[in-house]
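Below is one structure, written out as structure tokens; comments come after it.
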Amino acid sequence: MPNKVLNVNIGLLGHVDSGKTSLAKALSTTQSTSCYDKSPQSRDRGITIDLGFSSLSIQCPQRLFEDMRRHRQQSAEELGDQNDWSLQLTFVDSPGHSSLIKTIIGGAQIIDIMILVVDICKGVQTQTAECLVIGEITCDKMIVVLNKVDLIPDDNKRNIAIDKMTKRIRKTLEKTRFSSAPIVAVSAHPTDQNDNKTTNNLGTSDVVNSIGIQHLLDTICMEISLPKRSPDGELILSVDHCFQIRGSGTIMTGTIIQGSISVNDNLEIPSVKTIKKVKSMQMFHQKIDRAIQGDRVGVCITQFDPKLLERGVVCSPGFMILVYGMVANVHRIAYFKGKYTTKAKFHITILHETVIAKTTFFKKTIIDDNNTDNCNQNKSDESFDMNCEYSYVDELNDEIQDNQYYVLIEFERPIILNTGALYIASKLDSDINANVCRLAFYGNVLKLFGDKNYVENDLKNLKIFKIKQKDGSVDRITNEYEVIVKNLLKRETNVQNFVGLRVKLSTGDQGIIDGCFGKSGKIKVRLNDTIKDKSLITTTNTSKSKRNTDNENSDTNNSTNQTQIRVLLEFKRYIYDPNKKMIQN
């Protein structure tokens, strides 16, 4: 009997009523949390409303065992031989209804490979497309299942329908990472306990007269690649269900996102700031002493009210914190047709948590078309440096590549987070009946703000700047080194904040703001050198004299217009600088 388990998590995603739960039942031999819509709410509504888990264990294929031998840093004695290993396929049955998209996103973040279930009679629908987008974000491989082929009884018509839908699916996938995904036609009807069942070659109960289940299992085994698994690092366990068993304790079921867990380890439940010891563990009803990244486990602890943790995370003590905001990189989703505007609110989903948050977009500073500044030049989109300067962005556009964008996300309520976590931003308040993609962008967390007063204490060090421009004109040239400028600043502006800033004249001359002139908002500008066109001194003063004499209605105003000199003030200001200083390079 195999005593070592390689677990692979397979997500079943697709539009509501496409047959995902029936497929999970046909593929699985072992039931687990909320599988097969056994909750009363699911049965009442007739749809999947929660994540359901079931599994199938088979002999580990030779190909995967050889991959383990090449890539795992284990001795031959530790690894054993192929007969010591079983391949456990954990099926994650996700809801399909549009109103449950948050649950779908949460479930998709724990899978290694996706099965996209399509009703062959209806084809790709709105939520089918959204599930495809989620799959592109969360996993590298996908299998498409054309379900309910039994509804086309005539064999010839069925083959024509399968061929036609296969071509449509291929067309849909051609611009995605799943362009070469296998497409399998099946029929997966659940049966009552009294119905006759047969057993396929892999050991799972198959419905009499079902179509394509064995072929689908063979395809799954061919498509699975060795998933990334490591026991290293701090523990993060994504908990999807928490309940009590009388006489045993509180059971938390979930998937290990990183690290490992063993019996007698101490775990922290950070949402309630409680540390508990692991009493025992199971993996699909089998007792185990240890589990690592990617494994689905049930963890038993004592003296804990399960109502305090319906869904969430547990971790190594002190590892994860409550955060009020974060900085992350940005990857836009091409199918989203809404706008990416700063100050807009999006729904941010991280594992099983969804929170509304305000966004501020910014980008790496650019010197020219090919280079960024020294601080940002060699930075990848997986890094972020609070010491660098970044440009404020009102709205994302196609001119800048995604790997140059960042976003500051400020949550409406704090959540438990860690650096590196995957997030997905959505507009879930969109009309669920509209044929639109609600998924907007995604990325990874780069910087956390755990201080409740982060705006005052942390954001003041975040160097996001806006470029400001002010435009005025020369009112008079008092001498070859000084001009008086009007309309550059408002009358109520404190000119002292601008003293020392450089300005440019349309004549090519440059100068520095020297102070105010009178009480009407005019300012004095001291030129860096003598004015280039000396004739302007006489012309401007003569024109000024004529305007006073003729009450600004004289025909000589033409000469004034010809000699009018524009003045440009350009500077930058950090948007979170409490002192609102003007800065020039």
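The Cβ shell under 10 Å around Gly508 holds other residues with a net charge of 0, Lys and Arg each +1, Asp and Glu each -1. Fully extending the segment from Lys534 to His331 would add 67.5 nm, taking 0.36 nm per residue of separation and subtracting the current Cα-Cα distance.
A convex hull fitted around the alpha carbon atoms of region 76-153 yields 127 Å³ per residue. A simple rule links phi to the HN-Hα coupling: the Karplus curve 6.51 cos²θ - 1.76 cosθ + 1.60 with θ = phi - 60°, which for region 462-471 gives 8, 8, 9, 10, 10, 8, 10, 9, 10, 10 Hz, with x for Gly and Pro. In this view, the solvent-accessible surface of Lys148, computed with a 1.4 Å probe and all protein chains in place, comes to about 40 Å².
Here are some pairs, Lys228/Lys358; Lys228/Lys363; Lys141/Lys358; Lys343/Lys490; Lys102/Lys287; which of them have Cα atoms lying more than 29 Å apart in this structure? Spell out each step's value before the answer.
On the way: Lys228/Lys358 34 Å; Lys228/Lys363 32 Å; Lys141/Lys358 33 Å; Lys343/Lys490 27 Å; Lys102/Lys287 32 Å.
Checking Cα-Cα distances, Lys228/Lys358; Lys228/Lys363; Lys141/Lys358; Lys102/Lys287 exceed 29 Å.
Distances between placed amide hydrogens fall under 5 Å for His241 paired with Thr253, all partners being 5 or more residues away or on another chain. Taking all protein chains together and rolling a 1.4 Å probe, Asp93 ends up with roughly 10 Å² accessible. Estimated at the nearest 10 Å², the accessible area of Ser225 is 60 Å² with a 1.4 Å probe.
Between Asp84 and Gln564, residue separation times 0.36 nm minus the direct Cα-Cα distance comes to 163.9 nm.
Computed from phi, the 3J(HN,Hα) profile of region 138-145 under the Karplus parametrisation 6.51, -1.76, 1.60 (θ = phi - 60°) reads 9, 8, 9, 10, 8, 10, 9, 10 Hz, with x in place of Gly and Pro. The listed residues Ser535, Ser391 rank as Ser535, Ser391 when sorted by accessible area, largest first, using a 1.4 Å probe.
Express the carbon and sulfur contribution to the solvent-accessible surface of region 206-283 as a percent, rounded to the nearest whole number, probe 1.4 angstrom. Looking at region 206-283 in its full context, I get 47 percent from C and S. Once both labels are positioned 7 Å from their Cα atoms along Cα-to-Cβ, the gap between Arg526 and Glu480 label points is 1.8 nm.
What ranking of Val149, Val499 comes out by heavy-atom accessible area, probe 1.4 Å, highest first?
Numbers: Val149 0, Val499 60 Å².
The ranking, largest first, comes out as Val499, Val149.
Taking the 1.4 Å solvent-accessible surface of region 55-124 as the whole, the part contributed by carbon and sulfur is 44%.
For the listed residue pairs Lys339/Lys466; Lys470/Lys522; Lys427/Lys580, the alpha carbons are over 24 angstrom apart in Lys427/Lys580. Counting only residues at least eight positions apart within a chain, or on another chain, the lysines with an alpha carbon under 22 Å from that of Lys148 are Lys20, Lys25, Lys38, Lys122, Lys157, Lys164, Lys167, Lys171, Lys197. Rounded to the nearest whole Hz, the Karplus-based 3J(HN,Hα) values (6.51 cos²θ - 1.76 cosθ + 1.60, θ = phi - 60°) of region 227-235 follow the sequence x, 5, 9, 8, x, 6, x, 6, 7, with x at glycine and proline.
The values are calculated or read from the model by the stated rules, or taken from the named source; none is laboratory data. Since we're looking at a predicted model, the values are computed, not measured. For neighbour counting, all protein chains shown are included, and Cβ atoms are generated from backbone atoms with ideal geometry for every residue, glycine included. Areas reflect the complete protein model, heavy atoms only, side chains present, ligands, DNA and RNA absent. Shrake-Rupley method; radii C 1.70, N 1.55, O 1.52, S 1.80 Å.
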